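Each reported figure results from applying straightforward, stated rules to the coordinates on display, with no laboratory input. The structure presented is a predicted model; accordingly, all values stated were derived computationally and were not measured. Every residue, glycine among them, receives a Cβ derived from its backbone with ideal geometry; neighbour counts consider all protein chains shown.
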Amino acid sequence: MTNFLVIGAPQIILILIVVIMLGILPLIALIDILRNEFTQSNKLIWTIVVIFFSFIGAVLYFIMGTKQKLKK
C-alpha cells in the first residue's frame with residue numbers, strides 16, 4: 001500500500017507561503033489605499049474591490065490602481 005497523501009516539510013512550507021501571500025497582499029493593498037489620495041471616489045472603489053475580492057482585488061489594485069494615485 002502506498003502513502004501518496006503524506007505531507008512532508010516541503011509541502012507544509014509551500015502551503016504556508018501560499019496562505020501568507022493570500023493574507024498579506026490584500027492587507028498591504030488596503031494600507032496603501034488608505035495612506036494615499038486618489039482622484040474622485042477611486043479610494044472607496046478600490047477599498048471595496050480589495051475587501052470583496054481579496055487576492056484578485058489586491059493584484060488588480062497593484063496593476064491598475066496605483067496609476068490613479070494623486071502625486072504629493
Between Phe38 and residues 5 or more places away or on another chain, the pairs with built amide H atoms under 5 Å apart involve Lys43, Leu70
Rounded to the nearest 10 degrees, the helix 42-64 long axis (Cα) sits at an angle to the longest Cα principal axis of the chain of 40 degrees
Of the stretch 16-46, those with amide N under 14 Å from the point 7 Å along the Cα→Cβ vector of Thr66 are 25-26, 28-33, 36
What helix-only [θ] at 222 nm does the chain give? Using -39500 (n - 2.57) per DSSP H run of at least 4, over all residues, to the nearest 500, the answer is -24500 deg cm²/dmol
For the chain the mean separation of alpha carbon contacts under 8 Å (6+ apart) over residue count, i.e. relative contact order in percent, is 32 percent
Mean 1/r over distinct Cα pairs of the chain, inverted to a Kirkwood Rh in Å, yields 13.9 Å
FRET efficiency for Ala9 and Ile56 from the Cβ-Cβ distance with R0 = 22 Å, rounded to 0.05, comes out at 0.15
